[in-house]
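Trainee: What follows is a structure written as structure tokens; I'll ask about it next.
Taken together, the values in this text are just the output of simple stated rules run on the coordinates, not laboratory data. What you see is a predicted model; the values in this text were computed from it and never measured. With ideal geometry, Cβ positions are generated from the backbone for all residues, glycine too; neighbour counts draw on all protein chains shown.
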Ligand code: SF4
């Protein structure tokens, strides 16, 4: 059996792909070949995330030309987020990188706050119904936020460092940003004479200086229609549990087994799936 990332020319996994396997693994596998179409619910969720992010930062639209531009922008955003976290006690949409097994993984943490010398992760979920979710959807969320916490802690503890990142991204030391991108940054007043690789090195140094991460991760539920806060749930980070879940999930990415569809008791999930009856005939 071939390994799915190689088959689809992908360099890394997303945290949401790993967690999505605990909703329906076949759905994740199908999304590689048939990218998911954005439903009204997903669009509304993205809108809420963007609104929350813009409460803390201004957005500057830019056009990227090269891989160096991408790296520079990514690292500039992460550095801004880390500085904001230390200075103001909170940041949103923080990119994190690392590995699950041998696979490079990336994720975006909705919110990290700093209080009493500890970092706390928070994830926003939007709900169409004005109720908290039932247990089957909560497992997916648990895997998602525990993976974020693992990645952030690996960066903080130096278990995933600058050299690992450069190797995973296959970046070379040389190379500056394109003149077009530089002109856009200058116009926005955010250009700094530093190479993309040096800004990445700086970012990894800043991760190492972060204080410890709390084992309690907050999930905040927001009603899509009204925007009301429905309530919070707390996930207690458990290294053993997330380790086992990732081992199971990675068997699929390693090409050790086919993707599994939902079990008999979870067939109701298929009613919310765009692949039902077309690419998937469960
Ligand atoms: S139809 Fe059901 S089993 Fe098939 S991919 Fe969708 S959720 Fe999974």
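Trainee: Taking the Cα atoms only, what angle lies between the long axis of helix 67-88 and the longest principal axis of the chain, rounded to 10 degrees?
Mentor: Approximately 90 degrees, to the nearest 10.
Trainee: Okay, moving on. Starting from the Cα of residue 236, step 7 Å along the direction of its Cβ; do the same at residue 258; then give the gap between the two resulting points in nm.
Mentor: Using points 7 Å along Cα→Cβ, the separation is 3.9 nm.
Trainee: Hey, what did segment 1-149 get for relative contact order, percent, Cα under 8 Å, at least 6 apart?
Mentor: Values: 134 pairs, mean separation 43.3, N = 149.
Here the relative contact order equals 29 percent.
Trainee: Report the gain in length on full extension from residue 87 to residue 139: 0.36 nm times residue separation, minus Cα-Cα distance, nm rounded to one decimal.
Mentor: 15.4 nm
Trainee: Between residue 247 and residue 55, 0.36 nm times their residue separation minus their Cα-Cα distance comes to what? Intermediate values should be presented prior to the final figure.
Mentor: Numbers: separation 192, 0.36 × 192 = 69.12 nm, distance 3.74 nm.
Stretched out fully, the residue 247 to residue 55 stretch lengthens by 65.4 nm.
Trainee: Averaged over all directions, how much area does the convex hull of the C-alpha atoms of segment 66-211 cover when projected, in nm²? Show your work: numbers first, answer last.
Mentor: Details: hull surface 44.1 nm².
Across all orientations, segment 66-211 yields a mean hull projection of 11.0 nm².
Trainee: Let me ask you something else. In whole angstrom, how long is each semi-axis of the equivalent ellipsoid of segment 20-117, when you take the square root of 5 times every eigenvalue of its Cα gyration tensor and sort them from largest down? Don't skip to the answer; put the middle values down first.
Mentor: On the way: eigenvalues 137, 64, 60 Å².
That gives 26, 18, 17 Å for the three semi-axes.
Trainee: Given the Cα-Cα distance of residue 281 and residue 167 and 0.36 nm per residue of separation, how much length would full extension add, in nm?
Mentor: Difference between extended and current length: 37.0 nm.
Trainee: Further question on the same structure: Can you tell me, using C-alpha contacts under 8 Å and at least 6 residues apart, the relative contact order of the chain as a whole percent? List each step's numbers first, then the result.
Mentor: Working: 372 pairs, mean separation 79.0, N = 282.
Worked out over the chain, it gives 28 percent.
Trainee: Ok, one more. Kindly provide the helix-only [θ] at 222 nm of the chain, computed as the sum of -39,500 (n - 2.57) over DSSP H runs of four or more divided by all residues, to the nearest 500 deg cm²/dmol?
Mentor: Only helices count here, giving -15000 deg cm²/dmol.
Trainee: Please say if segment 66-136 is rounded, prolate or oblate, where rounded means a/c under 1.5 for a ≥ b ≥ c the square roots of the C-alpha gyration tensor eigenvalues, and otherwise the choice is prolate for a/b larger than b/c and oblate otherwise?
Mentor: The shape class here is oblate.
Trainee: If you don't mind, another one. Per residue and in cubic angstrom, what volume does the convex hull of the Cα atoms of the chain have? Mind showing how you got there, number by number?
Mentor: Values: hull volume 41.7 nm³, N = 282.
So the per-residue hull volume is 148 Å³.
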